[in-house]
Amino acid sequence: MIVVVCPGQGSQTPGFLAPWLELDGAADRLAAFSDAAQVDLVAHGTESDADTIRDTRIAQPLIVAASILAWEQLTQGGQRPNGVAGHSVGEIAALVAAGVTDAEAGMRLVGVRGRAMADAAARVETGMSAVVGGDEQQVLEAIAAHGLTPANYNGGAQIVAAGELPALAALAEQAPRGARVIPLQVAGAFHTPFMAPAQDTLRTALADVAAVADPALPLWTNSDGGTVTDGSRALELIVHQVANPVRWDLCMASFAERGVTGIIELAPAGALVGLAKRGLRGVPSVAVKTPDDLAAAIELLAA
């Protein structure tokens, strides 16, 4: 039971696409993805600095493009995992991997999503911070006491708080007992009501998706950790999650219930494998950060 997972925003680092461009055909694929998303992925993935790629308009297409490129390389020999899931914007890459829509349509959607969420974030200065450790109930009470929202339930003793920056700063100064508060490299309070204006924009964009198929692989949803079998419903759920919490904890619980025996995280990898090591202890994992990691991922997939 091998599950492929696709990371969310904050996973990007300067220059992370450079090694992928060395693969045959990668430059052409990224050029097509750039046109679809209306973002110069090659320039931003190889030359732009950390502040530039923190911009939601840029970060989201970069991350999804990298995951799709890694997926195509991983599965070009015909092997498939037993299921796929994506964290936050990674759900769009997961939709592509599951065959709900094609790569170019997915990149058009993530371009719209990134622009719409950036516009929504510009209305009020907001952000997100990971709260790691501590008693979950006490953490949730502290988040609420500061007027913040639990935006991501990540499992592995991590909850992400979101809201206005002064409130996040106050939470860091008065961290719950046994917890650390770590600011995230994102430019808005994603998965909260602050993002409601972006939902209408993304919902309108769905009308331009010409071909929608039901998932060809088990596809888990951030909404409640369950699987979704209807392609149209899967698209609706990516609109829902923009302004609602990501329940990655429930996704990992579902993986465990299905008897997961391996996790492969697509580029730009690392965060979800880290959560799996804490939430799915003992389950082998591979983080595909560069093409050099594909051999280990393919070996795990074959096993």
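Would you say ALA187 is under 18 Å from GLN60 (Cβ atoms), small (Gly, Ala, Ser) and crowded, with 18+ Cβ neighbours inside 10 Å? Full working, then the answer.
Values: under 18 Å from GLN60 (Cβ atoms): yes; small (Gly, Ala, Ser): yes; crowded, with 18+ Cβ neighbours inside 10 Å: yes.
Against the criterion (under 18 Å from GLN60 (Cβ atoms), small (Gly, Ala, Ser) and crowded, with 18+ Cβ neighbours inside 10 Å), ALA187 qualifies.
Which pairs have Cβ atoms under 7 Å, sit 6 or more apart or on different chains, and link a residue in the stretch 112-129 that is touching a residue at least 60 places away in the same chain (Cβ under 8 Å) and at negative phi to one that is open to solvent by 10 Å² or more (accessible area, probe 1.4 Å) and in a strand (DSSP E or B)?
VAL124/GLU164; THR126/GLU164; GLY127/PRO183
Counting only residues that are in contact with a helix residue (DSSP H, G or I) (Cβ under 6 Å, 6 or more places away or on another chain) and closer than 19 Å to THR149 by Cα, which one in the stretch 194-223 is surrounded by the fewest Cβ atoms within 10 Å (Cβ to Cβ)?
ALA196
For residues in the stretch 167-184 being touching an Asp or Glu at 6+ places or on another chain (Cβ under 9 Å) and not charged (D, E, K, R), which is most open to solvent (accessible area, probe 1.4 Å)? If you could, list the steps in order and put the result at the bottom.
In the first step, residues of the stretch 167-184 are kept if they are touching an Asp or Glu at 6+ places or on another chain (Cβ under 9 Å); the result is 176-179, 181.
Then drop every residue that is not not charged (D, E, K, R), which leaves 176, 178-179, 181.
Numbers: PRO176: 14, GLY178: 69, ALA179: 18, VAL181: 28 Å².
Filtering the stretch 167-184 for residues that are touching an Asp or Glu at 6+ places or on another chain (Cβ under 9 Å) and not charged (D, E, K, R), the one most open to solvent (accessible area, probe 1.4 Å) comes out as GLY178.
Need the failing condition index for LEU301 against (1) in a helix (DSSP H, G or I); (2) out of contact with any strand residue (DSSP E or B) (no Cβ under 7 Å at 6 or more places or on another chain); (3) surrounded by fewer than 23 Cβ atoms within 10 Å (Cβ to Cβ), just the number.
Every listed condition holds for LEU301 apart from (2).
Applying the selection to the stretch 145-166, what residues are free of Cβ contacts under 8 Å to residues at least 40 places away in the same chain, open to solvent by 20 Å² or more (accessible area, probe 1.4 Å) and over 21 Å from ARG123 (Cβ atoms)?
Within the stretch 145-166, just ALA145 meets the criteria.
Quick one: in the stretch 242-269, of everything that is among the acidic types (Asp, Glu) and open to solvent by 10 Å² or more (accessible area, probe 1.4 Å), which residue is farthest from the chain's Cα centre (by Cα)? Steps first, answer last, please.
Step one: filter the stretch 242-269 for residues among the acidic types (Asp, Glu), giving 249, 257, 265.
Imposing the further condition that a residue be open to solvent by 10 Å² or more (accessible area, probe 1.4 Å) reduces the set to 249, 257.
Working: ASP249: 14, GLU257: 22 Å.
Top of the filtered list is GLU257.
Any idea which residue in the stretch 101-117 is farthest from ARG247 (Cα to Cα), counting only those that are in a helix (DSSP H, G or I) and open to solvent by 20 Å² or more (accessible area, probe 1.4 Å)? Before the answer, list the steps.
Within the stretch 101-117, the first condition is being in a helix (DSSP H, G or I), and the residues that meet it are 103-117.
This time we only want the ones that are open to solvent by 20 Å² or more (accessible area, probe 1.4 Å), so: 104, 108, 112, 115.
Working: GLU104: 27, ARG108: 25, VAL112: 23, ARG115: 23 Å.
Ranking the candidates gives GLU104 first.
Could you tell me whether the stretch 36-58 includes any residue that is in contact with an Asp or Glu (Cβ under 6 Å, 6 or more places away or on another chain), under 30 Å from SER223 (Cβ atoms) and touching a residue at least 40 places away in the same chain (Cβ under 8 Å)? Steps first, answer last, please.
Kept after step one, since they are in contact with an Asp or Glu (Cβ under 6 Å, 6 or more places away or on another chain), are these residues of the stretch 36-58: 36.
Subsequent filtering for residues that are under 30 Å from SER223 (Cβ atoms) retains 36.
If we keep only those that are touching a residue at least 40 places away in the same chain (Cβ under 8 Å) too, we end up with 36.
Looking for residues that are in contact with an Asp or Glu (Cβ under 6 Å, 6 or more places away or on another chain), under 30 Å from SER223 (Cβ atoms) and touching a residue at least 40 places away in the same chain (Cβ under 8 Å), one finds at least one in the stretch 36-58, hence yes.
The values are calculated or read from the model by the stated rules, or taken from the named source; none is laboratory data. These figures come from a predicted structure and were not determined experimentally. Because the Cβ atoms are built from the backbone with ideal geometry, glycine has one as well, and the counts that use them run over all protein chains shown. Side chains are part of the model used for accessible areas, which takes the heavy atoms of the whole protein and leaves out ligands, DNA and RNA. Shrake-Rupley method; radii C 1.70, N 1.55, O 1.52, S 1.80 Å.
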